[in-house]
Amino acid sequence: QVQLVESGGGLVQPGGSLRLSCAASLSIFSRYAMAWYRQAPGKQRELVASITSRGSTAYASSVKGRFTISRDNAKNTVFLQMDSLKPEDTAVYLCHAGLFSDDYWGQGTQVTVSS
């Protein structure tokens with residue numbers, strides 16, 4: 001059974017940083033496109049950042065320049081480095097893996113930005 005397990009969330013002050021990790025139990029992790037989504041209370045789930053199997057990245061305009069997505073194929077892990085955090089970044093952050101018809105989600109990790 002495929003599992004995506006997120007970690008690294010928590011409470012941080014505005015302007016602070018967090019690094020999220022997503023460990024995936026995928027046998028061919030390197031072939032999957034990976035992404036981070038977030039969902040705030042009462043709002044739709046939104047794509048935050050993505051990284052292809054070849055390492056190409058893309059970001060939502062709201063996080064560009066502040067967040068960095070990366071992957072370590074040797075460890076089957078994708079990361080999201082979040083800097084200069086703002087209160088509006090508060091949400092549950094979810095990891096996603098996709099390859100053709102394969103589509104997997106993690107349970108999410110809570111990120112709260114508040115003073």
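Every number here is computed from the coordinates shown, using simple stated rules; none is lab data. Remember, predicted model here, so these are calculated numbers, not experimental data. Don't worry about glycine lacking a Cβ; one is built from the backbone with ideal geometry, like all the others, and counts go over all protein chains shown.
Tabulated data for the structure shown
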| item | result |
| --- | --- |
| Projected label distance in nm at THR68 and ARG19, using a 7 Å step from Cα toward the beta-carbon | 1.0 nm |
| For the chain: Kirkwood Rh in Å [reciprocal of mean 1/r, alpha carbons] | 14.0 Å |
| Dipole magnitude (debye, nearest 20) for the chain, charges at Cβ of Lys, Arg, Asp, Glu | 180 debye |
| Reachable lysines, given that their alpha-carbon falls under 18 Å from the alpha-carbon of LYS86 and they are not under 8 places away in the same chain | LYS43, LYS64 |
| Cα gyration tensor of segment 1-63 - equivalent ellipsoid semi-axes, whole Å, descending | 23, 15, 13 |
| Length gained when the stretch SER114-ASP83 is fully extended (0.36 nm per residue, less Cα-Cα span) | 9.8 nm |
| Selected from ILE51, GLY106, LEU18, residue furthest toward positive end of dipole (the chain; charges at beta carbon) | ILE51 |
